[in-house]
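To start, the structure itself, in structure tokens.
Just so you know, all these numbers are worked out from the coordinates, no wet-lab data involved. All figures in this text were calculated on a predicted structure; none of them were measured in a lab. Every residue, glycine among them, receives a Cβ derived from its backbone with ideal geometry; neighbour counts consider all protein chains shown.
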Amino acid sequence: MVANVEAPVVPAQTRVLGLDAARALATFAMVIGHTADGLLSDAARELPWVKTYWSFRGLTAPLFLFVAGWAVVASVQRDGKTGWALIKARAGRVALLFALGIALRWPGWNVSGVFTFDREVWRHLTGFDALHAVGGSLLLGVLLFSVVRTPRARTAALFAAGAFFPLVSTAVWVWAETMPAPLTLHSALVGDGESPFPLFPWAGYFFCGALTGQVLSFVPKQASRTVALIATGAACVALCAAVGLRDLTQTSPTLFFYRLGQVWIVVGTLSALPMSAAVWLSPLGRSSLVMYVAHLPIVYGWSTIPGLSGRYGRVLSPLQVIAVAAVLLLFGFTLARLLRRAKKWLRARATLPRRETPDINAGAVS
């Protein structure tokens, strides 16, 4: 049984330099990448600089998962929760991520198949997208933090988890393909066209981000953190390049650590930004979930409703793609701000003192 024990609160910075900036950069890259994927013309895709950009698109999801893991560590260190208190505090977020992920994949073309448990419909509905990967990783991370309480033990556990997912991914995929497994479990473990972000190996980025946040919490100087991140990332990239980067599979540990090294370099570079820049970028970073959910249906469509890519196809130039992406970013950011204000208003309404109903019999003579 998990004990509901409060761990000692570890002093933490109110804001981790580079974290908000990394989340903001990932949000920019995500929206621009999806817009380009759906609308960029075939001729523009052949431009050399576009091909170079395309090769870096694979960093968006690792960066998001990495930052999510680091953010959870920072939050846990800040509030000190563990045991059931931590699980209850994060359960709503996990449920929200899965609910939004399922809603985005709603198969409106065959609703009856949902209720008759049609295998192909449920294969689509339960596929693991980015939100599922973050939600599943967050669930596993919360369970780990709820039972592992000391900083040293957490560091060791996060190191083990960060290495486990990429190193066993190939074996897990082979096992899941050959052994009978429930459809939902299969989608969570194995990647395919319907499940692009299974937990193996993608959860590894979450735990490597959590490990990074845990280790760097012991490094007081920001400059030392920046140097450590960039140096570790550069060493990782160099080692993977020396091993070889040709013909790598989706479950290749070399590909995983090559991307991880690049993420370390990106986050380290962003951590060198001044605090004012991090504060300026933080609202965009905090709006990433709303911006993700808002722009996907517009670009790709939802259920049976076509999006921009379905209506117009690959017709835009790079500048036009950037312009559309800018509008989508502005729309998502504005929507996120409105939702935050609505949430504040509802909370304020909920805390208002209730008016007492006057007693019509008060002062009456019996």
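The gain in end-to-end length when the Thr351 to Trp280 segment is fully stretched comes to 22.5 nm, 0.36 nm per residue minus the alpha carbon separation.
Per residue, the chain reaches -24000 deg cm²/dmol at 222 nm when only DSSP H runs of four or more residues are counted, each adding -39500 (n - 2.57).
For each pair in Lys221/Lys343; Lys221/Lys344; Lys81/Lys344; Lys51/Lys221, compute the distance between the two Cα atoms and list the pairs where it is over 28 Å.
Lys221/Lys343; Lys221/Lys344; Lys51/Lys221
Phi angles of segment 247-263 translate, via the Karplus equation with coefficients 6.51, -1.76, 1.60 and θ = phi - 60°, into HN-Hα couplings of 6, 8, 8, 4, 9, 5, x, 4, 5, 4, 6, 5, 5, 4, x, 5, 5 Hz per residue; Gly and Pro are given as x.
Work out the FRET efficiency for Tyr300 and Thr52 from their Cβ-Cβ distance, taking R0 = 22 Å, and round it to the nearest 0.05.
That pair, Tyr300 with Thr52, gives E of 0.35.
Looking at segment 54-135, which chymotrypsin sites (Phe, Trp or Tyr not before Pro) are in a loop (DSSP not H, G, I, E or B) and have at most 13 other Cβ atoms within 10 Å?
Numbers: sites: Trp54, Phe56, Phe64, Phe66, Trp70, Trp84, Phe98, Trp109, Phe115, Phe117, Trp122, Phe128; in loops: Phe117, Phe128.
Sites meeting the loop and neighbour criteria: Phe117.
Semi-axis lengths, largest first, of the ellipsoid equivalent to the chain are 35, 29, 24 Å, with √(5λ) applied to each eigenvalue of the Cα gyration tensor. Using the alpha carbons alone, the radius of gyration of segment 244-324 stands to its Kirkwood radius in an Rg to Rh ratio of 1.09.
Can you tell me how segment 34-148 classifies by the Cα gyration tensor, rounded, prolate or oblate, using a/c under 1.5 as the rounded cut? Kindly include the intermediate steps, with their values, before the conclusion.
Working: a/c = 3.57, a/b = 1.29, b/c = 2.76.
Oblate, since a/c reaches 1.5 and b/c is not below a/b.
Calculate the FRET efficiency for Arg45 and Glu177 from the Cβ-Cβ distance with a Förster distance of 45 Å, rounded to the nearest 0.05. The formula returns an efficiency of 0.90 here. Relative contact order for segment 156-298: 24 percent, from Cα pairs under 8 Å spaced at least 6 residues apart, divided by residue count. Taking 0.36 nm per intervening residue step and subtracting the Cα-Cα distance, what contour gain separates Phe218 from Tyr312 on full extension? Value of the extension gain: 28.7 nm. Extension gain, Leu239 to Ala323: 0.36 nm times the residue separation minus the Cα-Cα distance gives 26.4 nm.
Report the trypsin sites (Lys or Arg not before Pro) located in segment 151-254 that are in a DSSP loop and have at most 13 other Cβ atoms inside 10 Å of their Cβ, or state none. Intermediate results must be reported in sequence, preceding the final value.
Values: sites: Arg152, Arg154, Lys221, Arg225, Arg246; in loops: Lys221, Arg246.
Answer in residue order: Lys221, Arg246.
Rounded to the nearest 0.05, what FRET efficiency do Ala163 and Leu335 give with R0 = 41 Å and r taken as the Cβ-Cβ distance? Could you check? Calculated transfer efficiency: 0.60. The local environment of Leu183, defined by Cβ-Cβ distances under 15 Å, has a net charge of -2 under the rule Lys, Arg +1 and Asp, Glu -1.
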